[in-house]
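The values are calculated or read from the model by the stated rules, or taken from the named source; none is laboratory data. Note that the structure is predicted; figures quoted are calculated from it, not measured. Positions of Cβ are backbone-derived with ideal geometry, glycine not excepted, and every protein chain shown enters the neighbour counts. Each accessible area value is taken on the protein alone, full model and side chains, heavy atoms only, with ligands, DNA and RNA left out. Shrake-Rupley method; radii C 1.70, N 1.55, O 1.52, S 1.80 Å.
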Amino acid sequence: MATKKFLLCFHDFSVWNYQTIMPVLDGLKDLAGGPFSILVIPSTEGADEAVIAGFKAALRQLNNEGYELALHGYKHKAEFSQGRSYFGLIAMTITNREAEFAGLSQYESERMLKLGMSAWIDLFKEGDNTAGPRPAAFIPPTWWSNKHLPLQVRGGGMLYEDRFSMTSRKGTRYASPVTSFAGIPDFAIKPMFSIGEFLMKVPFGVPRIALHPTDFPVHRGRIRHLIRTALGSGRELALYRDL
């Protein structure tokens, strides 16, 4: 019988929060029994040079420690883009303009993806050396997307993730329900944790636990319990590159 897996994914790691989030990641690593996937917002626009240097050093440290780094959009905050569909405009309203790739035209989607990749490369550039880890996956901010993005991402050699599934660069699709607490009303938090525990116990799929900086420290205890439930249910911590 194949080993059941789950993913632990920390979203929105950025130049603006890395200093407070690094200790959180260490604690989660100890609990989960190993490094996990970190979704990086690559844009450093507007940050001081010293802070940017610290962010780059933090990313190198995480990579060296075995954490898996994935690309999470460009700025995670949408600017005006020509050709955004009505669906995309609705998603922008719902998400307070965080649905960066929602409803974009083929040209705009490709342009934004290239901006994200360019910013990623800059994060690992040291002098003339531009070598760095390739993003293991691309996850559009808030999971709202457009019909062109999945193929564009896979064409770039990355796994593509949406709200309910993951598709490898070779086209293999995995059912992957996600447990996430960001952006939901307070009354829904407890039921979401219950749903997450249930998903970890069902005998199929590759469920994800999607954590965000705003989850800490307020939900720390419940999150720790959810991770213990996943491990205690016979699931093994996996990474995007394992799929």
For Ala182, the lone unmet condition from (1) in contact with a helix residue (DSSP H, G or I) (Cβ under 9 Å, 6 or more places away or on another chain); (2) open to solvent by 20 Å² or more (accessible area, probe 1.4 Å); (3) modelled with pLDDT of 95 or more; (4) of a type outside the set (D, E, K, R) is (3)
A careful count of residues in the stretch 117-141 that are in a helix (DSSP H, G or I) and of a type outside the set (A, V, I, L, M, F, W, C) gives 3
Across the stretch 126-160, the tally of residues that are under 20 Å from Ile94 (Cα atoms) and in contact with a strand residue (DSSP E or B) (Cβ under 6 Å, 6 or more places away or on another chain) stands at 1
Lys114 vs (1) open to solvent by 70 Å² or more (accessible area, probe 1.4 Å); (2) in a loop (DSSP other than H, G, I, E, B); (3) within 23 Å of Arg60 (Cα to Cα): all pass except (2)
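Keeping to the stretch 178-206, report how many residues are within 14 Å of the chain's Cα centre (by Cα) and part of a loop (DSSP other than H, G, I, E, B). Before the answer, list the steps.
Start the filter on the stretch 178-206 by keeping residues that are within 14 Å of the chain's Cα centre (by Cα), which leaves 178-182.
Checking the rest, the ones that are also part of a loop (DSSP other than H, G, I, E, B) come to 181-182.
The total comes to 2.
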Of the residues in the stretch 15-48 that are over 14 Å from Arg220 (Cα atoms) and of a type in the set (A, V, I, L, M), the one that is farthest from the chain's Cα centre (by Cα) is Ala47
